[in-house]
Amino acid sequence: MFEKWRRRRAALRVKPGDGRALKPYRWWQPTSRSLFYLPLRNADGRQVVYAVDTDHVKRFFSEEGKGEAHLYLDGRHHAESELPAAFPVEGGTIEVAATDFGLKRCHYVTAEGADHQLVPDRRSGEGRRAHLHRERPALSRWIAVLSLSLLVVPALLLIPQLVEAAFQLPPVAQRLGTFTSPVQLPFWLNVVLGLGAATASVERALRLRYNWLLDSAAQS
């Protein structure tokens, strides 16, 4: 029920496109732009190709920081929507959602509820990461494990420091006393861990992976 309500609300944000041509993907855009494709057959049985284009630089500098996703049909601008987006297409909906580090969702959800990730452009960061996974699966898994570690370790080290900060608040200190964190990290190490967590979240975004606890902590 909640998912249906969310999709209906997102569909209200969809605006018609202006018919402009889809710009080709450039080699310098691997982390600044996401481009995904979805081939489908329309009601007449003819194959059409949808493309979802998201500019992360424009999204970062947008007024509310949400940005937009643009839907192209056979290379022409078909629709646009503020993120998160839900574009109605043949047989279902294309759902697009983002984080501070890229996309966390770009999927085609059929009317029956089946969920399929769109195919990334080969030249995009997501496409290159998917190619690495196909060609070097062992290396890909090690990178994924390293990314997860770069998120989990800082989170575990940060928790006692946050608890100590909370116990310094007068109302908490008066009722519960004080707490000294057993972990005291120098400022430079906190910065390094933060940069590592941000890098890990970028890598995970290239795989459209997202965990509300770990990746949201990296955003903060």
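The values are calculated or read from the model by the stated rules, or taken from the named source; none is laboratory data. Since we're looking at a predicted model, the values are computed, not measured. Don't worry about glycine lacking a Cβ; one is built from the backbone with ideal geometry, like all the others, and counts go over all protein chains shown. Remember, those area values only see protein heavy atoms, side chains included, never the ligands or the DNA or RNA. Shrake-Rupley method; radii C 1.70, N 1.55, O 1.52, S 1.80 Å.
Data overview
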item: Between helix 137-167 and the chain: long-axis angle, C-alpha atoms, 0 to 90°, nearest 10; result: 40
item: Solvent-accessible surface (1.4 angstrom probe) belonging to His77, in square angstrom, nearest 10; result: 10
item: With Cα atoms, 0 to 90° folded angle of helix 125-135 axis to the chain main axis; result: 90
item: Per residue accessible area in Å² of segment 72-116, where ligands, DNA and RNA are left out and the probe is 1.4 Å; result: 40
item: Mean Cα-pair separation over length for segment 28-170, i.e. relative contact order, pairs under 8 Å, 6 or more apart, %; result: 17
item: At most 12 other Cβ within 10 Å, DSSP loop - GluC sites (Glu not before Pro), segment 12-84; result: Glu63, Glu64
item: GNM result for the chain, Cα springs below 10 Å: residue of Arg128, Arg141, Arg207 fluctuating most strongly; result: Arg141
item: Carbon + sulfur, % of accessible area of the chain - ligands and nucleic acids excluded, 1.4 Å; result: 61
item: In segment 18-63, the trypsin sites (Lys or Arg not before Pro) that fall in loop regions by DSSP, at most 16 other Cβ within 10 Å; result: Arg20, Arg26, Arg46
item: The chain: angle of helix 187-206 to the longest principal axis, Cα-based, in degrees nearest 10; result: 20
